1. Given a Förster radius of 35 Å and the C-beta distance between residue 91 and residue 173 as r, what FRET efficiency does 1/(1 + (r/R0)^6) yield to the nearest 0.05?
2. Using the Karplus curve 6.51 cos²θ - 1.76 cosθ + 1.60 with θ = phi - 60°, work out ³J(HN,Hα) for each residue of segment 152-167 in order, rounded to whole Hz, and write x for Gly and Pro.
3. Of all DSSP beta bridges in segment 143-235, what percent run antiparallel (nearest 5)?
4. Per 0.36 nm of contour for each residue apart, how much would the distance between residue 38 and residue 80 grow if the chain were fully extended, relative to their Cα-Cα spacing?
5. Pulled fully out, how much extra length does the chain show between residue 221 and residue 159, if you take 0.36 nm times their separation in residues and subtract their Cα-Cα distance?
6. Using label points projected 7 Å from each Cα along Cα→Cβ, tell me how many nm separate residue 130 and residue 113, to one decimal.
Amino acid sequence: MKKYVACGAVILSFLFVSGGALFVRAADQSTQPQFLFSWRAVGGAPAWYSGKVLPTYQSSIILSVTMLQGNKIVSLDGRAVKWFINGDLVAHGIGLGSILFVNKRVFGGGELDIKVSTQTTDPTMGDNAIQSGYFTIPVVSPQVVIQAPPFVDSFSPGQIINLAAIPFFFTVSPEALSIKWTVNGSTAQSSSDSSHLSIHLDQHAAAGSQSVQAVVSNPAQSGIEQGSASYFFSIR
């Protein structure tokens, strides 16, 4: 089993957000339309990650909606569909059941409030009306997890500690990211693969606590798209 260490408020279980669509009823009456929403953020995550990739600032998000009425799918063809995000109209068109949205509005810790409106017909009265469905998407900051030796955080002089920094939810691939390591505040030299760090403890290393930090950033957006994690161990 691998051990993962995250910094600060990053909770590992938070990374495993299940996928799936969101089912929203436009009104209480069963004859009223219902909206089935789904979304997918385009972002980086390890191949083994089975959770939902969450959007960050600058993330591209694919949003889709299906309308149901009387438990049957209602085609949006020929219907004017409007998409609103945080109160602003961002897209509209005939049969527009899916859009690509780039989040340039909300930073980590905020939310994207989505509203979709379209014209519907009451199956009983035959009246036309505008119905809307709503859902919310959380926005996070890029995250970093440090993979460390399992079940141990105390080492003897002369041992080698192998660490790896694993980035989540960046808008570029891991290969495009810049990763900087420090040990006890001093810059540490990683291997040819900057996502890995091997710490060779001196044979005469003094006992005490040690700290390691990995800072990961997107060089094209280094002031905005950045995450970090810390790992602590001791020499016995």
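Bear in mind these aren't lab numbers, they're just calculated from the coordinates by the rules spelled out. Only a predicted model underlies this, so the values are computations on that prediction, with no experimental measurement involved. Neighbour counts run over all protein chains shown; Cβ positions are idealised from the backbone, glycine included.
1. Numbers: r = 27 Å, r/R0 = 0.78.
Computed FRET efficiency for residue 91 and residue 173: 0.80.
2. Once θ is set to phi - 60°, the couplings for segment 152-167 become 8, 9, 10, 10, 9, x, x, 6, 10, 10, 9, 10, 9, 9, 10, x Hz.
3. Working: 29 of 31 bridges.
Antiparallel bridges make up about 95 percent of those DSSP assigns within segment 143-235.
4. Numbers: separation 42, 0.36 × 42 = 15.12 nm, distance 1.93 nm.
Gain on extension, residue 38 to residue 80, equals 13.2 nm.
5. On the way: separation 62, 0.36 × 62 = 22.32 nm, distance 3.70 nm.
Answer, rounded to one decimal: 18.6 nm.
6. 1.7
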